[in-house]
1. Give me the lysines in straight-line cross-link reach of residue 198: C-alpha distance below 16 Å, same-chain residues under 8 apart excluded.
2. Run the 1.4 Å probe and let me know the accessible area of residue 333, rounded to the nearest 10 Å².
3. Quick check: at a probe of 1.4 Å, how many percent of the accessible area of region 32-100 sits on carbon and sulfur atoms?
4. Residue 443: accessible area at probe 1.4 Å, nearest 10 Å²?
5. Given axes a ≥ b ≥ c from the Cα gyration tensor, I'd like to know whether region 344-433 is rounded (a/c under 1.5), prolate (a/b larger than b/c) or oblate.
6. How large is the accessible surface of residue 355 in square angstrom, using a 1.4 angstrom probe and rounding to the nearest 10?
7. Using a 1.4 angstrom probe with every protein chain in place, what is the largest-first accessible-area order of 243, 199, 458?
8. With a 1.4 Å probe and all protein chains kept in place, how do 87, 101 rank by accessible area, largest first?
Amino acid sequence: FFILLIACFNFVNLATSRSLQRAKEVGVRKTIGAGRVQLIVQFICESILFAAISMVLSVIATGLLLPSLNAFTEKEMQLDILTNPLVAVALLVLTLLVGIVAGFYPALVLSGFQPVKVLKGSRADALPGRTPWLRHGLVVIQFSLSILLIISAIVVIRQVSYMHGKDLGFRKEQILFLPMRGENLQKNYASFKNELLKYPGVTAVSIGYGFPGDMFGDGMMTVKEKPALEPKRATQLMVDEDYIKTLGLSLLAGRDFSKAIQSDERAYIINETAIKEFGLGTPQEAVGKTLSWPTWRKADSLKTGPIIGVVKDFHYKSLYERVEPAVLHIYPEAYSKIAVKLKSENIETEIAGMKNLWNKFSPDFPIEYNFLDESFRKMYKTEDKLKTLLSLFTFITIFVACLGLLGLTAYAAERRKKELGIRKVLGATAQGIVVLLSKDFIKLVLIAIIIASPIAYYFMNKWLESFAYRINIAWWMFAVAAMFAMLLALLTISLQAVKAALSNPIKNLRTE
């Protein structure tokens, strides 16, 4: 929508910048009897023709780019103009609408030339409505939208980079997940685990339910030492003795589960957030307290045991959600997934070996696996695509806006070319003329920056509120966007300003 809006504004600026070049044509047509309405219809028809040509080119480009777009969006979209009349009618209506909207104001300007003044050579004075507020306003709107997109792109890129680079509290690289499928594997998971540990490329194996990026359960926890405290809901992570080792979690107090201690089957390890939620003080003070949980298998039974350790908070869910109280405990009845920590040297070889082992324990089901880091990347797939699309559309929007500014600069140079010729005869330098032509347009860009910055801050702050963990919008983001827009504007203006400054004053003043 932004690009379509800017394109319409751009056509207005480019058309009015060419108006002085068609002044004599309009003067001759009026002299031989053409009415203003006829001229307006003519120029609007020209605008519609340009829009129609653009639509044909865009349809061809869309057809060529559609396979890449389908791969990017993971959809199967089709360009069915010939088979779907509604699409054809919609494109036709859009072409007419864009042509009329974009061409109406230039048609009014071109049809309003005074033939007497035009044919005697005073084209600039023949132009009605010399107040440039509309053309300047369009430039301000164009650059406001461009700066809005630049700031938005910077914020999105920074947030996406933050999500991918944030320390999650565990090591997600080279961890492979295998869902437990088949009755034989469910019964003999311990043997399967021991066989996996014999592979030289396998450093650790854990079996459980509730790995990061996967499904989780929850339940109400009661602290025995705090009878007045209401039961608190906590995420249940059903783990084995190697869960913490496999994921590389950090123990803050206490110890890990141990196979040598049989009572650990009823023990608990909690995270930092659970300490705060349960009011257990420091990690050291929490160790030794007793927790009770009504088990899933038997509604009337409680699993009661001591807290033997505290782990540092880790992000087992996406950064959209805050870390919740989590309780780790041994509960084999819920085991559903196997996590395998691999060395990075021979991952493909180890996977091939695991396939053979899988066929031994679960021959009726094909092996399925995924990597933990891939699971977290998929969580932010939408944001990654938003970053790509926003960067692309920002580039297109800036390019189109610069074309409009180029047209407006050309228009100003054409209207003031006699003035520029006189200035050069009186000794004005090329640099001075470039500054003269540039300063008014730089003011427009500055106004656009002032308008766009608070709007961008408001909308991007709203977008960031959907993340529990997010970046802060910093002043330098607005400074970078402003400098980038200003630099592009200066380059665009300079192209036409330098051309006008280097023109021969004799040619500009020969009609005087």
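1. Within reach: 341, 343, 355, 360.
2. My reading of the accessible area for residue 333 is about 100 Å².
3. About 76 percent, which is the carbon plus sulfur part of the accessible surface.
4. 110 Å²
5. prolate
6. Number for this one is 80 Å².
7. Final ranking, largest accessible area leading: 458, 199, 243.
8. Final ranking, largest accessible area leading: 101, 87.
The values are calculated or read from the model by the stated rules, or taken from the named source; none is laboratory data. Please read all numbers here as calculations on a predicted model, not as lab measurements. We place every Cβ from the backbone using ideal geometry, glycine too, and count neighbours over all the protein chains shown. Protein only, heavy atoms only, side chains kept; ligands, DNA and RNA dropped before computing areas. Shrake-Rupley method; radii C 1.70, N 1.55, O 1.52, S 1.80 Å.
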